[in-house]
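Asks: The structure is given below, and queries will be raised subsequently.
Values quoted throughout were computed directly from the atomic coordinates according to the rules given, and no laboratory measurement underlies them. Given the structure is predicted, the values throughout are model-derived calculations rather than measurements. Cβ coordinates were reconstructed from backbone atoms using ideal geometry, including for glycine residues, and neighbour counts include every protein chain displayed.
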Amino acid sequence: MLAELPEMLSWTGAPTPYRELTTRLGATMDDRFGALLTHFAKAGVGTRLCTLADELSERGRTRLLSAPETVRRLLHRPPTDLRFFLDSVLAEHRREGRHAGPVEPVWSALGDGRFPGTDDGGAGYRAPLLTGGLPVDHLSPHAAYAGASASGPTLPCRPAELTRVVGKLDSALAVARQVSPQAHALVTAMTRVVVVRKSRADGGWYFSYSDEQAIGRLAFTNIHDDRVDVPDTTGRLVHESLHSLLYLVERDEPIFDRRDAGTVRVASPWTGRALVLRSFTHACYVWFALWMFWRRAQPADLLPSRRIATLCDQARRGFDRPEMAAARKVVAAHLTPHGRALLDLLDDMRHGRYG
């Protein structure tokens, strides 16, 4: 599949394997969840969880097992967190109105709903949805965890800020759809929830991020800021969705030797920063895809032409700089046979195959 990525990321209408990739992840999650329930049963705990899990509707089970926070805990944490899974299963039952009687307050695994307890005095909450149904989580414990920055904890948005954020994200999705239905399909297929938080400690600086351990969660900090425009947001949606795609592809076709993952550093031809192997290899695919995306936006007359030209140049420049040759040489020694497809992409860019 790595060999096919340049064609896919050219947004030319080639068939996409998103459903195949997400189906495989779903099968793995189903197996892991079954093993988790067996683990609890053998330990003599979790009887209530096992019963409620068996009674989940198909939609409720799919929502639970595809939630990025569930992915993180089932694939990357010890099978000991009975509380999270019981709360999450309860939330799916309550979402469908299928659980009556005295209950405790619970959040859904997706972070898109809080259901109050019988006696806690709290209110229920439903996260706003983008056009098409993607939830925007700024309030759940999962969002607080995902949004935590290196410089300190983050905060939920105020109501007016959240309204502005949802409008900005919806506008960005609309631009993505108009520029490239294929890119829009990538974002919607690879995203399960969008997390938005704000941070004073980061000086209002805007950034986005994703996590291999929580595939499908796109997170943004300070997107509410007026300095963040629709092109910024559109590019970041495509950018982070591409990381999620690459995380899924790498489950079957690793790009580089994992033994070298934390020790090899490569200077980015785009920023000059020292990057680990994953960051560099992902950056090559991401910048290529963004360059192809913004090129398609140029004749569409959807955004200011000067802004689009700047974004095109920003994405393309790293491929043309002399530093890329040095980076290519360093990386080549650590790529897997599948990963060597990246070298073909870099050579094709150098020789002008894509224009």
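Asks: Return the ratio Rg/(2.2 N^0.38 Å) for the stretch 190-244, where Rg is computed over Cα atoms only. If you can, show how the numbers build up before the last one.
Replies: Numbers: Rg = 11.0 Å, N = 55, 2.2 N^0.38 = 10.1 Å.
Ratio of Rg to 2.2 N^0.38 Å for the stretch 190-244: 1.09.
Asks: Using 7 Å Cα-to-Cβ label points, what is the Gln178/Glu96 separation (nm, one decimal)?
Replies: 4.0
Asks: Moving on. Chymotrypsin sites (Phe, Trp or Tyr not before Pro), restricted to the stretch 145-252: which are DSSP loop and have at most 13 other Cβ atoms within 10 Å? Walk me through the numbers before you get to the answer.
Replies: Numbers: sites: Tyr145, Trp205, Tyr206, Phe207, Tyr209, Phe220, Tyr247; in loops: Trp205, Tyr206.
Here the chymotrypsin sites (Phe, Trp or Tyr not before Pro) that fit, given the DSSP loop and packing criteria, are Trp205.
Asks: Using DSSP, restrict attention to beta bridges with both residues in the chain and report what percent are antiparallel, rounded to the nearest 5.
Replies: If we restrict to bridges inside the chain, about 65 percent are antiparallel.
Asks: What percent of all Cα-Cα pairs in the stretch 225-315 falls into each 10 Å bin, going from 0 up to the bin containing the maximum distance?
Replies: 15, 40, 31, 13, 2
Asks: Quick one: length gained pulling Ser57 to His351 fully straight, 0.36 nm per residue minus the C-alpha distance?
Replies: 100.5 nm
Asks: Only helical DSSP H runs with n ≥ 4 go in: add -39500 (n - 2.57) per run for the chain, normalise by residue count and round the 222 nm mean residue ellipticity to 500 deg cm²/dmol.
Replies: Calculated from helices alone, the mean residue ellipticity at 222 nm is -17000 deg cm²/dmol.
Asks: Bin by bin, in steps of 5 Å, what percent of the Cα pairs in the stretch 86-212 do you find, going until the bin that has the longest distance?
Replies: The calculated distribution, bin by bin, is 2, 10, 17, 20, 18, 15, 11, 5, 2, 1, 0.
Asks: Now for a different question. Given N residues in the stretch 178-286, what is Rg(Cα) / (2.2 N^0.38 Å)?
Replies: 1.14
Asks: With 10 Å bins from zero, work out the P(r) of the stretch 31-161 over every alpha carbon pair and list the percent per bin.
Replies: 11, 41, 35, 12, 1
Asks: For the pair Arg317 and Asp260, how long in nm is the line joining their label points, each one 7 Å along Cα→Cβ?
Replies: It is 2.8 nm.
Asks: Additional query: From the phi angles alone, apply the Karplus equation (6.51, -1.76, 1.60; θ = phi - 60°) to the stretch 305-312 and give each ³J(HN,Hα) in whole Hz, x where the residue is Gly or Pro.
Replies: Using θ = phi - 60°, the values come out as 4, 5, 5, 5, 4, 5, 5, 4 Hz.
Asks: Taking the DSSP beta bridges in the stretch 137-228 as the whole, what percent of them are antiparallel, to the nearest 5?
Replies: 45
Asks: So, one more: For a protection proxy built on the mean count of beta-carbon atoms within 10 angstrom, sort 323-334, 56-67 highest first, please.
Replies: 56-67, 323-334
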